[in-house]
Amino acid sequence: MKKPWQPPRVARQSRPRVVRPSRRMFLRGLAAGGAITVGLPLFEMLLNDNGDAWADGEELPTRFGLWFFGNGVRLNSWTPTVGADWQPPADGGLAALLPHKEYVSVCSGLDVKTPRHPHHSGMSAVCSGGPHLKVDDVRDTIVSTMKYPSVDQVAADYFFQEQPTPYRSLEAAVTRFRGTDEGTTFQYLSHNGSVNGETNINPSEESPHRFFDRLFGGETADPLIKQARASVLNAVSDQIADLQPKLGAGDRQRLAQHLDSIADLERRLGAPSPSCTKPDDPGDFPDLGGNEQMAEKNAAMSDLMALALACNLTRSFSIMFSTCGSGAVMWPAGATNGQHYMNHTEPAPWTKQHDSVKFTMSQLAYFLDRLKQTPEGDGNLLDQCSILVCTEHTEGWTHSQDDMPIVICGKGGGRLKGNVHQRDDGGNVSKAALTALRGAGLPLTQFGHEAGSVTSGMTDLEV
Amino acid sequence: MVRLTAPQLHNTYRALLGEPLILPDLPQDDQLYGFTSLSAATKTVAPVEAELYEDATYAVLDQVWADPTRRDALVGCAPTDLADACVRSFLEDFTSRAWRRPATTAEVDTLLQLAQQIAPTLDASEGLRFALAAVLQSPHFVFRVATGQPDPDTDFLRFDSWEMAARLSYLITDGPPDAELRAAAASDALLDPDVVRTHAQRLVDTPEARAALVRFFRDFMNIGRLDELDKDLELFPMVSDTLGLSMRREIERLFENVVFEKEGDFRQLFTTRETYVNGDLAAIYGIEGIEGTDFVPVTLPDDGKRGGLLTTPGFLALNAHKTESSPTHRGRFVRISLLCQDVPPPPPGVDTTLPEPTGGPKTLRERLAAHAEDPACAPCHKQMDPIGFGFEHYDAVGAWRDTEHDLPIDAESELDGVAFEGGVELGGLIAELPRVGDCIARRFYQHATTHLDERSERAYVDDLVDRFVQSDFDFKALVVEMVVSGGFRYALPQEEE
């Protein structure tokens, strides 16, 4: 009997060490002789006659994504009309998403209900549904991490027990600024939750070249070498397990994650090689004329992530376009100083901040387009996605966390309507995350933690 | 339990496998409370990081195994038969060095079994290579595990000799214990603080110590961020791709000079006009005749414009924006990082936008006057902005200026009631503040123990500060006094579940 899946409430505990490749993985492995190529429909043989499910009747896989940008928006230019077929205000922040609006729904009116602190609470509330964990009062601020796993890891956990993929989750970052020294909340997006204040994050890859190399660089296919590597990892797992009882609670917790991470590697070695066609190495993008090549890097990372999703290297991903409180200079929008500083110095009507948001949404639009252009079954990859798009503030210059700007993209394999704007004044911001997770097929009726807990989502968005 | 940082891992690979060694990509270090060391004490190993460790392990081992002569020299014999005593002896020695403690018989047995399990399908040499891979991916390798042992004389846990050897060595050299330290640990001599002191005095004079302590100072000054210097090229055409790196190197060279060459009073850093300049920096200092990437020692003119750390282009440019200076950031750095004083964050909900300038151009200082007038801003900004006003002669890249928007610069200000004018005078004032010595000693304590000092450790910190003062602020003495301190030799009680 399979136990019903429960979302992780705290940092993940150790999972079973050995996972046998499933029949589906095996079939996909058989197809690895070149029949499946990235960007083309999944191998026909494995689909049913309608092309909308696997031949054994299981649905096509859904994917969950978390797409984050820092520093909030300019609210009066952001919020579109309420109801079906939303329309942005003139010169609206969401204008760049209009070509994809069939796939884009908007949530508004939702507030951060967990104890507030500039940046920290908003980041944790929108990304994990819970409060931030203050590690210390320090210098002129606090240091914090996320107390609970971010939503991408909640989805990853569910997908993992449902059907393992080669990577449990994938994390990518676009702009370079890595946050001020206020803990992982400001530096990272994907978190595994923290019990004792330990740093338990999934760092985002920042280099397109390295991301390419990791996903498509090619590993040895020699089964004997793979077997030997697996034996080594097994030995390392034994060492960790032997060491754990000799340590205090905090270190035991840290080793539990180490054990999980080794198990992930071991499992991947036991699975058939994924059947992806290798794209070209995008290389890296050094600054040009003192400016970060943001759009170029975003395109490269978006392309790689779409390819990874298309050949099912993972079902859960996160893209950190910019960090919480990002100091990246949004020069394509005419900015000359870091965005966080600009938010605290640009006078009303905050034109450059608004232009930065429009630019940011154009970068999201590129990614959505890339997913839409990737056929899958009888539709496209965006049909199978549910992507939560969020930021840690409503508006940066006041650090406000009421009426948070949130967008949910994709059709979630038919679970999400798209093109709806639901307004829920004073609602809990976790409602958006609940709907986004349900949209990816997670059978949740509750989501969030402590003051962030909700038992209903943004139901107008769901089919 | 502290994770090895990337430089520590690289140095450890080199110590174990010898040169030449192409060093592999590793998980990136990040900073917590300003320090990579403190971050390393809280980190786990994420899946992507376990992947990087695995890749790195094979990348370094393969370099040795690709050359059978080199491999056999490392092992001490050709590993053609795993039953050969030489193989076992090598595995035991390698594992003990990698794990910074004697490997137990059971541990060596297990590793040898792993090699034997793999050998039939590949060969004996491959079996040994994979056994070493298990050593280098081990939690005993990736983490410094140190739990301490009950101390018969106190209620505390005392780090044993092997743990002390690793603590000492990674703190002072960012590398594993050398042969002398291992010998001292093997004879259990490192429970004796006098022996610890002798080794610390020896290690602190090595080239590795320079590099490691410079890394501490890099974090202390937050100048690692200069590597990604982001300045407006139209406003500052003298900014080159390598300027940020040159700025960082100047500050690090200053530190090296005062600490390792002059072996003098650390506070000279705040006043010295002797510095190191290359072509990038000469453009900022306005010095003619210095070109290229090599640093040249120079004595800056005694014209009141430059002198000490706080007038280096690196400090000034780092604590500024892309287009303009920042009295707030510069003042904040002095307050928080150099004096270890706290400044509260902006209150939630406060609109932090500065009022738009009206009635003609204004200097940034004039615009920042709003901070002093608004009761919501003043209590905190008055701790930062007045210090920063002293640096207003230096623009966003740290170059000297007499005017801003054609208005004269006003660099007269006060620090806690003491009037001064300009960065040089401020440097002189700060050098005399007792807090400046207290602060770096405290930060070094945190760095060395890899945790923020707790109330129960106050006596240790106070004692360390006293000894630093007694040494006339000799930074090398601070390092030595740190490792003999009880705060370094005893473990804090572990939290229980």
Condition (residue is over 16 Å from B:Thr44 (Cβ atoms) and either at the interface with another protein chain (Cβ under 7 Å from one of its Cβ atoms) or aromatic (Phe, Trp, Tyr) (or both)) applied to the stretch A:183-194: is it met by at least one residue?
yes
Out of B:Asp232, B:Asp241, sole residue that is under 22 Å from A:Gly289 (Cβ atoms), free of Cβ contacts under 8 Å to residues at least 60 places away in the same chain, of a type outside the set (Lys, Arg) and not in a helix (DSSP H, G or I)
B:Asp241
Over the stretch B:139-168, the set of residues free of Cβ contacts under 8 Å to residues at least 40 places away in the same chain and either over 30 Å from A:Asn234 (Cα atoms) or hydroxyl-bearing (Ser, Thr, Tyr) (or both) is B:Pro150, B:Pro152, B:Asp153, B:Asp155, B:Ser161
Could you give every pair whose Cβ atoms fall below 8 Å, whose first residue belongs to the stretch B:467-482 and is touching a residue at least 12 places away in the same chain (Cβ under 8 Å), and whose second residue is hydrophobic (A, V, I, L, M, F, W, C) and part of a loop (DSSP other than H, G, I, E, B), counting only separations of at least 6 or pairs across chains?
B:Lys476/B:Val204; B:Val479/B:Val204; B:Val480/B:Val204
Could you please let me know if A:Gln227 is more than 27 Å from the chain's Cα centre (by Cα), at the interface with chain B (Cβ under 9 Å from one of its Cβ atoms), surrounded by fewer than 22 Cβ atoms within 10 Å (Cβ to Cβ) and not basic (Lys, Arg)?
yes
Please determine, by comparing only the residues of the stretch B:367-417 that are touching a Gly at 6+ places or on another chain (Cβ under 9 Å) and among the hydroxyl-bearing types (Ser, Thr, Tyr), which one is nearest to B:Ile336 (Cα to Cα).
B:Ser413
Lone qualifier among B:Arg197, B:Arg167, B:Arg129 - being part of a helix (DSSP H, G or I), of a type in the set (Lys, Arg) and within 18 Å of B:Val2 (Cβ to Cβ)
B:Arg167
Could you say whether any residue in the stretch A:404-417 is within 30 Å of B:Thr358 (Cα to Cα), touching a residue at least 24 places away in the same chain (Cβ under 8 Å) and surrounded by fewer than 24 Cβ atoms within 10 Å (Cβ to Cβ)?
no
Only one residue in A:Val232, A:Val236 is farther than 24 Å from B:Ala41 by Cβ and either assigned to a helix (DSSP H, G or I) or among the acidic types (Asp, Glu) (or both), so which one is that?
A:Val232
Complete set of residues in the stretch B:447-473 that are farther than 13 Å from B:Phe488 by Cβ and within 14 Å of chain A (Cβ to nearest Cβ):
B:Leu452, B:Glu454, B:Arg455
Based on what the data block shows, is B:Arg210 surrounded by 20 or more Cβ atoms within 10 Å (Cβ to Cβ) and out of contact with any Gly (no Cβ under 8 Å at 6 or more places or on another chain)?
no
Of everything in the stretch A:181-205 that's of a type in the set (D, E, K, R) and modelled with pLDDT under 95, which residue is surrounded by the fewest Cβ atoms within 10 Å (Cβ to Cβ)?
A:Asp181
Residues located in the stretch A:280-296, provided they are within 14 Å of chain B (Cβ to nearest Cβ) and under 21 Å from the mean Cα position of the chain (by Cα):
A:Met294
I'm trying to understand the selection: among the residues of the stretch B:48-103, which are within 13 Å of another protein chain (Cβ to nearest Cβ), outside any helix (DSSP H, G or I) and under 15 Å from B:Ala131 (Cβ atoms)?
B:Ala103
Output the residue which, of all residues in the stretch A:151-164 that are within 13 Å of another protein chain (Cβ to nearest Cβ) and at pLDDT 90 or above, is nearest to A:Arg315 (Cα to Cα).
A:Ala156
I need the strands (runs of 3 or more DSSP E) fully contained in the stretch A:65-161, keeping only those with at least 1 residues that are touching a residue at least 40 places away in the same chain (Cβ under 8 Å) and either within 17 Å of the chain's Cα centre (by Cα) or not assigned by TED's automatic domain parsing to the domain that holds A:Lys411 (or both).
A:104-108, A:141-146
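The values are calculated or read from the model by the stated rules, or taken from the named source; none is laboratory data. Quantities reported herein were computed from a predicted structural model and do not represent experimental measurements. Cβ: placed from backbone, ideal geometry, glycine included. Neighbour counts: every protein chain shown.
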